[in-house]
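One structure is given here, and the rest of the page talks about it.
What follows is calculated from the coordinates using simple rules that are stated; it is not laboratory data. All values reported here derive from a predicted model rather than from experimental measurement. Note that we place each Cβ from the backbone using ideal geometry, even for glycine, and neighbour counts take in every protein chain shown.
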Ligand SMILES: Cc1ncc(COP(=O)(O)O)c(C=O)c1O
């Protein structure tokens, strides 16, 4: 038991603290960790295929609750067995499931630096130059979008948080501008409960989830039908806005998704922007998936009118080869951050508000926040914007290649020409009419490929039917490899048919 004494030397063992005394230990420890991570890269498959029961047993056997400490070597060996041998490898080209990208080495170097220094981007006295680096990276991306000089932004934990900020600011701004209601001070009232948000039926679920978190409820989100390319129908948007007005509800915002999660489709931002301006409602562009394509020659025209948006979500951890987290929320008018800002005497007193030292905490819904901007700064410096754009164009072209292969194969049904780097399709066993049998076969294919560690393919539903989905984010993937994965899918589908 420690007691309160006044002695000169520390009474506790501080060997493991990262400080001037532990430089050798730091270097040796990281070197050892690097060897383990290098070995992880040698795993043949994207996943060991281990069962959840075996993983539970391992987790229990290596429980942290027995208060026994280990040497670093021993702990590394344990974490290899429990985690590194069984983690999903997003760099493995057999992984084509979700929006997880392989990461770039400069970003990992930056991550090591910022994690070790442990900067928290909150107030100037905690983050100094990190504040300026974050602002510099935000300026780079607002310029890429052509946002006005009044624009600003902040790094967030991901697209879900960025979309939350967009809807919250849209709600509070509309309430204040049109009704003089100060939600930050007084909370919601009956008028706010009539607020309505419009987005395509294919938009990300975080729009609904966030509307609920904001006290507006799922039903405040009005889904707008899409065309055969899964893009929002602007005429349907106008009809829906008019219909809600007739019901006595109050349209406040429209979300244009640029890169829907399943189809990569881009809502027509130009027309949606004109409608938003006509009705004087907030335009949010959810570019979590497709926003980074503003850097490409192939897609930048689709994002041209994002410059007129009130806010934008962009996820660098989806499509700019950054480790999680790396995401930004951009606002066309930095004054609107006032709906988020708070001044605390102990941290960022109000009297310092306009001094020359920026406190980025006033732009965030978080308090302690990671210095994620450094990864992107490093990536831009070392890899460069052009290389990143080429990677994005490459994965788009690979998706088009997959489309060409599948649409010429009688065993597959495709539903769209890829707009970005996803492709949704379905294995069709010949001679079977029953759609639910096809659903079962497609789920069997997905699960058996995953469980055997062969390939990770996603699934989704369209009109109630199960489809498979590739999300391509690895520029190292080849057409040959894609053909292999398609071959494995076919093999599993035919096997199922033969044994049932
Ligand atoms: C269009 C879109 N918006 C938002 C999100 C949420 O992003 P995050 O997972 O970074 O919270 C996603 C995630 O897939 C997405 O596809």
Semi-axes of the stretch 17-86's equivalent ellipsoid from the Cα gyration tensor, sqrt of 5 times each eigenvalue, largest first, rounded to whole Å?
26, 18, 7
Give me the distance between the Cα centres of the stretch 433-479 and the stretch 198-256, rounded to whole Å.
29
At a Förster distance of 60 Å, what's the computed FRET efficiency of residue 182 paired with residue 452, Cβ-Cβ distance as r, to 0.05?
0.55
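For the stretch 45-124, just run the numbers: alpha carbon Rg, then divide by 2.2 N^0.38 Å, N being how many residues it has. Please report the intermediate quantities before stating the final value.
Details: Rg = 16.7 Å, N = 80, 2.2 N^0.38 = 11.6 Å.
Relative to the rule-of-thumb radius for its length, the stretch 45-124 sits at 1.44.
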Rank these for me by crowding, 228, 111, going from fewest to most other beta carbons within 10 Å.
228, 111
I'd like the Kirkwood hydrodynamic radius of the stretch 227-335, using the inverse of the mean 1/r over distinct C-alpha pairs, in Å.
14.5
Can you tell me what percent of all Cα-Cα pairs in the chain are more than 28 Å apart?
61
Calculate for the chain the 222 nm mean residue ellipticity that helices alone would give, adding -39,500 (n - 2.57) per DSSP H run of length 4 or more and normalising by residue count, nearest 500 deg cm²/dmol.
-13000 deg cm²/dmol
Taking the alpha-carbon centroid of each part, what is the distance from the stretch 291-362 to the stretch 405-432 in angstrom?
38
Per-selection metrics, the stretch 386-499 (Cα): Rg and Dmax in Å:
14.1, 50
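Label the stretch 118-381 by shape, choosing from rounded, prolate and oblate, from the square roots a ≥ b ≥ c of the eigenvalues of the Cα gyration tensor; if a/c is under 1.5 it is rounded, and otherwise prolate applies when a/b is larger than b/c, oblate when it is not.
Values: a/c = 2.05, a/b = 1.25, b/c = 1.64.
It comes out oblate by the Cα gyration axes.
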Peptide ranges 430-438, 29-37, 283-291, 260-268 listed from the most packed, as the mean C-beta count within 10 angstrom indicates
283-291, 260-268, 29-37, 430-438
Give me the one-decimal nm value for the distance between modelled label points at residue 33 and residue 227, 7 Å along each residue's Cα-to-Cβ direction.
5.0
